[in-house]
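Colleague: Let me give you the structure first, and then I'll get to my questions.
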Amino acid sequence: MTDSKYFTTNKKGEIFELKAELNNEKKEKRKEAVKKVIAAMTVGKDVSSLFPDVVNCMQTDNLELKKLVYLYLMNYAKSHPLCTDCEDPNPLIRALAVRTMGCIRVDKITEYLCEPLRKCLKDEDPYVRKTAAVCVAKLHDINAQMVEDQGFLDSLRDLIADSNPMVVANAVAALSEISESHPNSNLLDLNPQNINKLLTALNECTEWGQIFILDCLSNYNPKDEREAQSICERVTPRLSHANSAVVLSAVKVLMKFLELLPKDSDYYITLLKKLSPPLVTLLSGEPEVQYVALRNINLIVQKRPEILKQEIKVFFVKYNDPIYVKLEKLDIMIRLASQANIAQVLAELKEYATEVDVDFVRKAVRAIGRCAIKVEQSAERCVSTLLDLIQTKVNYVVQEAIVVIRDIFRKYPNKYESIIATLCENLDSLDEPDARAAMIWIVGEYAERIDNADELLESFLEGFHDESTQVQLTLLTAIVKLFLKKPSETQELVQQVLSLATQDSDNPDLRDRGYIYWRLLSTDPVTAKEVVLSEKPLISEETDLIEPTLLDELICHIGSLASVYHKPPNAFVEGSHGIHRKHLPIQHGSSGPAAPVDQPQVIPSQGDLLGDLLNLDLGPPVNVPQVCSMQMGAVDLLGGGLDSLVSDPIIIMHPTLCGWKNIIYVLLSNSWSGPGLISVDFLLLLAVLNFCVLQVWLPAAKAKGLEISGTFSRRQGHMYMDMSFTNKALQHMTDFAIQFNKNSFGMIPTTPLAVHTPLMPNQSIDISLPLNTIGPVMKMDPLNNLQVAVKNNIDVFYFSCLIPLSIFFVEDGKMERQVFLATWKDIPNENELQYQIKECHLNADTVSGKLQNNNIYTIAKRNVEGQDMLYQSLKLTNGIWILAELRIQPGNPNYTVKNTLNEKVCPNLWPVLYNIIWMQLWMYYS
Amino acid sequence: MIGGLFIYNHKGEVLISRVYRDDIGRNAVDAFRVNVIHARQQVRCPVTNIARTSFFHVKRSNIWLAAATKQNVNAAMVFEFLYKMCDVMTAYFGKLSEDNIKNNFVLIYELLDEILDFGYPQNSETGALKTFITQQGVKSQTKEEQSQITSQVTGQIGWRREGIKYRRNELFLDVMESVNLLMSPQGQVLSAHVSGRVVMKSYLSGMPECKFGMNDKIVIDKQGKGGSSDEAGKSGKQSIAIDDCTFNQCVRLSKFDSERSISFIPPDGEFELMRYRTTKDIILPFRVIPLVREVGRTKLEVKVVIKSNFKPSLLAQKIEVRIPTPLNTSGVQVICMKGKAKYKASENSIVWKIKRMAGMKESQISAEIELLPTNDKKKWARPPISMNFEVPFAPSGLKVRYLKVFESKLNYSDHDVIKWVRYIGRSGIYETRC
């Protein structure tokens, strides 16, 4: 055991010495030398210059030496065909040769590889064949075209029928990997015969082979329930395997095929029962496997809560569990909490709240709040537990408790307000924004019951500018609420906060909200009361649920990294957005009206679609802009801005309680983002920057009662399509899905459409759909045209809309000064366009500030003859830069737009810029 | 699939680095060291994503093993493979330590080349590997020997070679259980389960077919239906309900699923035949009754009674009770009736050890803990009292009914095999809150 000495030599001229030793006459010396070379290679030294000498050592019949040389070759091979070894009488050497050759990633060598590989795929020895099968996958990675041309894929398919189970398993693994990047997704040709072969091999091959086969089986769609059941029957025994990966892969197959079985059959019920013990057993494994298992159980519990509902005890946290296991167990405990077990769960949670790890304790406290919201009968006990915890005075426990108590107040209004006094005692110890905001919200909401509410809120006002935005916004709203409830005593306070928010703050969100309140209060206090103190929407019982379509996709990935991250593979695997997403199989002949959600919907070819769109009367010239006034006081506030939107096809304010009135309601009355609510930033931006005006994209008359209105926005570097779906039909709507046609910017939805509950008649729902630009690109006319298909249980509908270009302006659009100068000069004159903006009364700094908020960056500023010249740059998501020169003369600024790459963008760009500047100016002066 | 495998010492120096896929660059080795090994904080997750590369790691003593990938791999498989790799290395050169790894790095590369091909795990049974990966280098094998090796490595019974001969056919069965308990201070069982293993050491000639039977409730009830009702009633009492079990890969799972019989051809030497879990009717060998009283702000009085709950003729061994003490403890006085007790300041606990204790007995310890006054507002978390012990029976109630050996080709029968059975019950996590 002296190999470690090779690591220690570190003298000068080492390479020279090694060269001499490699050419030594004695065999033993040469072997020593090769070991030294490998050692040097391991620590990262460059020993490539020894290539010929090392290769010379290959002519030996000593297997160990040969392996060492091959190891070296894999790292440094430039060119040296190893064909002769593929003919060696020893199968171990034949396999070694073919294994090594696949690792040499040099095109010329791979050409030499084809013949030997073909032979090895048909070798008499199974060991050689199983190695050759993997070699095809290696070769495909280097040169996919060649593998196809040489017919290796067919040879692989033949190996599925091989007599040796390990050869079958490796062939399956290789084919599965190749098919992921292959346009023909059914490369494996999964048919009942092949499935049968796989199931037979499953009983005989190694644990790893079983995993490959099970993972492959999960991609198969059985043609009917009988087939599904017979596969399930043969997969179920795997649940008793000692290897947890075999168990999880078997669970994946069963979870997928369960979808196909009739829900009332005996077999379905037995199968569900069989799934629970193996899942519990996974928790007695090593902690890392426990972690993987728990992340998967989290998904399974969301998909089929019945499987583990009796097993909550096994998720109780042990004192010595690693923290990652503890946090996951806690998550699952809350999901499984029900009226039947709540007493036990609460006792546990109380125990956890005294532990050491801060994250864990916080999560436990939050969990108590979630129990209260979920199980109504337990709310009282939860509240008293939380009060006990507040008495401990441990800072982070108190703060977390206050945050969850706010949610409890929301869920059960007028029930637990008696504890407000206790909460107020802890006012001074709160130092986290979340907790401060929660406390302020509570004070504002219950201002009429708290005698000294004005004093309490005033105390926060002192350090107003040091607070975080979240606290500032909440405080503003809380004081307005207080004023509306006790107008006589708090006039001064409200004046103070409004002036702090509007005059002394440079935060646009805060300022804008301040102005809205100010206007609202001064125009029509009755409406103000109606808006600010309106009834709040209910908060949902379950939180952190994974959106159903994503959940279904993740169920198809049980056991894999995707299930650990709870993200679809394309979110973390490079270059995988082209590959097909997995979805659960759909039961055949199901009686429900639901069409398969994930089945790709074919958007009609462009010609057809245009016809469709004309029928929809969406073309700008056809429809007169239709602006409907609102009966609310708030209309005045925003009304002035509506004229600016004439450039857009249709503008409608919803007269019903949905759409934008609703948004304003939510915005003004609930200035915190609790469960079930959309973030305030979003609403503010929506309301203020985009005028809160949703365009009607799809009128109800054209879509069998479904009305879709929406707009686009960009927030925190991400693009969103904000839509409001309104059901104006008499029946409920479910199974919503959305798809975009190819478009100029390759825009596609990042996540599937998330509409969880059926949309009842006369109900509307607001959706914010995240978008990205990694989809297929096709040039549209106009450039920012987007064709959309939306489907529900009734039909598929098509509409098109215009994307405001401003959402494509990326955050890193600031060009280097030098680069800017050089580029500006290089742009040909014909790419230059010039526009004028009228009636603008702003100075240069304000303009550049406003533009920067929309990712248009000022690179330089000059003053020429009393005029301010601004040089600006912006970048689109597709990498196109746009440079601009802005000349400001009082009363008449000239805007010159210069475009670097694509002149076609410009005509479209103009309205965008116009819009941004105009609306900003308007907001400032109104 | 797995793109690369790295082994580091506790300082983060690379001992072994084997890259299987092109998408894993050399910088991946450093990325893991910097972001995980050198990160100040405690590791909060065994899967880490650094710059779109996912790292899976396990730690054995002070050696880190990490697998890197850029694909959506089967995460459970990667961890299982890392465990397996540790087993294989341990089987070859003993404990995983920095010295052992450095001394055997060539062997490790050779093993890694064999058990992982392009990131796909291949046969990793030590028995099979040892036939052709040796440090001596394979000398002249005959053609038969070579094909025997390859057929074993790829074959259906990859875990056993043909032609094994023993003069004395012998087998040992160890039923090893660990009993886990979480009890409330009031003596209510919050959770209890037994996780057991059946470990077999076989020294048998040829390719013997074995059949293992135990007092599994499902099997006994099935047989009871056929026999007289009297017999069923009698055996029904002794049978146990197994929640779930998993088997070594040598066991025919489909046969277990259909007939619930455990049949297999065993590997040679020691292996784990099965693991199981039970939650019903567990015999809890000890009961811990804690009593903690806070006397003012600077004193705690602790009294703990343990009661043994099994046949008086049996002896429990290696009994150890750990009673946690607060961090601000200044001094402890202990009185115990039996064994020795000591306050260990470094572990913040009182450790009470008793060598032996018969069934149906009880013993007691009382301690006075002096505390330093602190201004820490947070109350002491009161970790649970934990216990360790070993008892010579299976707390689940499992009994081995038979282990039959059939070898048709060789000339020995089930009666000629010498069989030994032993039961060991140990404490797993055996905690009582106080």
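So that you can scan it fast, the table gives a plain yes or no per residue for (1) more than 25 Å from B:LYS102 (Cβ to Cβ); (2) more than 29 Å from the chain's Cα centre (by Cα); (3) buried (at least 22 other Cβ atoms within 10 Å of the Cβ):
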{"position": "B:LYS11", "(1), (2), (3)": "no, no, no"}
{"position": "B:VAL14", "(1), (2), (3)": "no, no, no"}
{"position": "B:TYR20", "(1), (2), (3)": "no, yes, yes"}
{"position": "B:VAL43", "(1), (2), (3)": "no, no, no"}
{"position": "B:VAL47", "(1), (2), (3)": "yes, no, no"}
{"position": "B:VAL58", "(1), (2), (3)": "no, no, no"}
{"position": "B:MET77", "(1), (2), (3)": "yes, no, yes"}
{"position": "B:LYS84", "(1), (2), (3)": "no, no, no"}
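Colleague: Restricting attention to the range A:43-52, and to residues there that are surrounded by fewer than 20 Cβ atoms within 10 Å (Cβ to Cβ) and outside any loop (DSSP other than H, G, I, E, B), which single residue is nearest to the other protein chains (Cβ to nearest Cβ)?
Modeller: Among those residues, the one meeting the criterion is A:SER48.
Colleague: Would you pick out the residues in the range B:321-350 that are loosely packed, with under 15 Cβ neighbours inside 10 Å and either free of Cβ contacts under 8 Å to residues at least 12 places away in the same chain or out of contact with any Ser or Thr (no Cβ under 6 Å at 6 or more places or on another chain) (or both)?
Modeller: Matches in the range B:321-350: B:LEU327, B:SER330, B:GLY331, B:GLN333, B:LYS340, B:LYS342, B:LYS344, B:ALA345, B:SER346, B:GLU347.
Colleague: So, one more: Could you check B:LYS95 against (1) free of Cβ contacts under 8 Å to residues at least 60 places away in the same chain; (2) under 21 Å from A:ALA242 (Cα atoms); (3) more than 8 Å from chain A (Cβ to nearest Cβ) and say which number it fails?
Modeller: Status for B:LYS95: all satisfied but (2).
Colleague: Of everything in the range A:396-437, what is of a type in the set (S, T, N, Q) and either closer than 13 Å to A:ALA372 by Cα or under 33 Å from the mean Cα position of the chain (by Cα) (or both)? Give them in sequence order.
Modeller: Result: A:GLN399, single match.
Colleague: Being more than 7 Å from chain A (Cβ to nearest Cβ), in a strand (DSSP E or B) and either modelled with pLDDT of 95 or more or touching a strand residue (DSSP E or B) at 6+ places or on another chain (Cβ under 7 Å) (or both) is the filter here, so list the residues in the range B:37-64 that pass it.
Modeller: Passing the criteria: B:THR48, B:THR53, B:PHE55, B:PHE56, B:HIS57, B:ILE63, B:TRP64.
Colleague: Mind checking which residues of the range A:93-138 are within 10 Å of chain B (Cβ to nearest Cβ), among the hydrophobic types (A, V, I, L, M, F, W, C), under 24 Å from A:TYR72 (Cβ atoms) and part of a helix (DSSP H, G or I)?
Modeller: A:ILE93, A:ALA95, A:LEU96, A:VAL128, A:VAL134, A:CYS135, A:ALA137
Colleague: Scan the range A:177-211 for residues that are part of a loop (DSSP other than H, G, I, E, B), exposed (fewer than 15 other Cβ atoms within 10 Å of the Cβ) and within 14 Å of another protein chain (Cβ to nearest Cβ) and jot them down.
Modeller: Listed by number, the list holds a single entry, A:SER181.
Colleague: Now, a different point. Being outside any helix (DSSP H, G or I) and hydrophobic (A, V, I, L, M, F, W, C) is true for just one of A:LEU279, A:LEU214, A:LEU271, A:LEU260. Which residue is that?
Modeller: Result: A:LEU260 is the single residue among A:LEU279, A:LEU214, A:LEU271, A:LEU260 that is outside any helix (DSSP H, G or I) and hydrophobic (A, V, I, L, M, F, W, C).
Colleague: Just to be sure, is A:LYS67 at pLDDT below 80, within 17 Å of B:ILE108 (Cβ to Cβ), in a helix (DSSP H, G or I) and of a type outside the set (Asp, Glu)?
Modeller: no
Colleague: Across the range A:231-251, what is the total count of residues that are facing chain B (nearest Cβ under 9 Å) and either in a helix (DSSP H, G or I) or at pLDDT 95 or above (or both)?
Modeller: Here the count works out to 13.
Colleague: Another question, if that's okay. Spot the failing condition for B:ILE16; the list is (1) over 23 Å from A:GLN210 (Cα atoms); (2) without any contact (Cβ under 8 Å) to a residue 24 or more places away in the chain; (3) within 10 Å of chain A (Cβ to nearest Cβ), and only one is missed.
Modeller: (2)
Colleague: Restricting the range A:745-764 to residues that are over 21 Å from A:GLY879 (Cβ atoms) and in contact with a Ser or Thr (Cβ under 7 Å, 6 or more places away or on another chain), which is surrounded by the most Cβ atoms within 10 Å (Cβ to Cβ)?
Modeller: A:PRO752
Colleague: Within the range B:369-387, is there a residue that is farther than 14 Å from B:VAL175 by Cβ, under 20 Å from the mean Cα position of the chain (by Cα), surrounded by 13 or more Cβ atoms within 10 Å (Cβ to Cβ) and within 14 Å of chain A (Cβ to nearest Cβ)?
Modeller: Yes - at least one qualifying residue is present in the range B:369-387.
Colleague: Can you name every residue in the range A:7-24 that is at pLDDT below 80 and not in a helix (DSSP H, G or I)?
Modeller: Selection gives A:THR8, A:THR9, A:ASN10, A:LYS11, A:LYS12, A:GLY13.
Colleague: Let me ask you something else. For A:ILE297, are the conditions met, namely being modelled with pLDDT of 90 or more, more than 7 Å from every other protein chain (Cβ to nearest Cβ) and buried (at least 24 other Cβ atoms within 10 Å of the Cβ)?
Modeller: So A:ILE297 passes the test.
Condition check ((1) within 12 Å of another protein chain (Cβ to nearest Cβ); (2) surrounded by fewer than 19 Cβ atoms within 10 Å (Cβ to Cβ); (3) without any contact (Cβ under 8 Å) to a residue 12 or more places away in the chain) across all residues:
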{"residue": "A:GLU306", "(1), (2), (3)": "no, yes, no"}
{"residue": "A:LEU349", "(1), (2), (3)": "no, no, no"}
{"residue": "A:ASP357", "(1), (2), (3)": "yes, yes, no"}
{"residue": "A:GLY369", "(1), (2), (3)": "no, no, no"}
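Colleague: I need the full set of residues from the range A:344-359 which are in a helix (DSSP H, G or I) and within 21 Å of B:VAL43 (Cα to Cα), in order please.
Modeller: A:TYR352, A:VAL358, A:ASP359
Colleague: Please verify whether B:ALA128 is without any contact (Cβ under 8 Å) to a residue 40 or more places away in the chain, more than 9 Å from chain A (Cβ to nearest Cβ) and at positive phi, treating the condition exactly as stated.
Modeller: no
Colleague: From the list A:ILE373, A:ILE390, which residue is within 32 Å of the chain's Cα centre (by Cα) and part of a helix (DSSP H, G or I)?
Modeller: A:ILE373 is the lone residue from the list that is within 32 Å of the chain's Cα centre (by Cα) and part of a helix (DSSP H, G or I).
Colleague: Look through the range B:173-219, keep the residues that are over 23 Å from A:GLY285 (Cα atoms) and within 13 Å of another protein chain (Cβ to nearest Cβ), and return whichever of them is farthest from the chain's Cα centre (by Cα).
Modeller: Looking at residues that are over 23 Å from A:GLY285 (Cα atoms) and within 13 Å of another protein chain (Cβ to nearest Cβ), I get B:GLN186.
Colleague: Do we have any residue at all in the range A:562-572 that's within 13 Å of chain B (Cβ to nearest Cβ), buried (at least 18 other Cβ atoms within 10 Å of the Cβ), among the small types (Gly, Ala, Ser) and in contact with a strand residue (DSSP E or B) (Cβ under 7 Å, 6 or more places away or on another chain)?
Modeller: no
Colleague: Report the residue count in the range A:751-774 for those that are within 15 Å of the chain's Cα centre (by Cα), among the small types (Gly, Ala, Ser) and part of a strand (DSSP E or B).
Modeller: 1
Colleague: List the helices (runs of 4 or more DSSP H) that sit entirely inside the range A:428-486 and contain at least 3 residues that are under 23 Å from A:SER505 (Cα atoms) and of a type in the set (Asp, Glu).
Modeller: A:453-461
Colleague: Just to be sure before I move on: is B:ILE101 among the aliphatic types (A, V, I, L, M), under 18 Å from B:ILE16 (Cα atoms) and more than 8 Å from every other protein chain (Cβ to nearest Cβ) in the structure I sent?
Modeller: yes
The values are calculated or read from the model by the stated rules, or taken from the named source; none is laboratory data. Because the structure is a prediction, the values reported are computed rather than measured. Please note: Cβ atoms are built from the backbone with ideal geometry, for glycine as well, and neighbour counts cover all protein chains shown.
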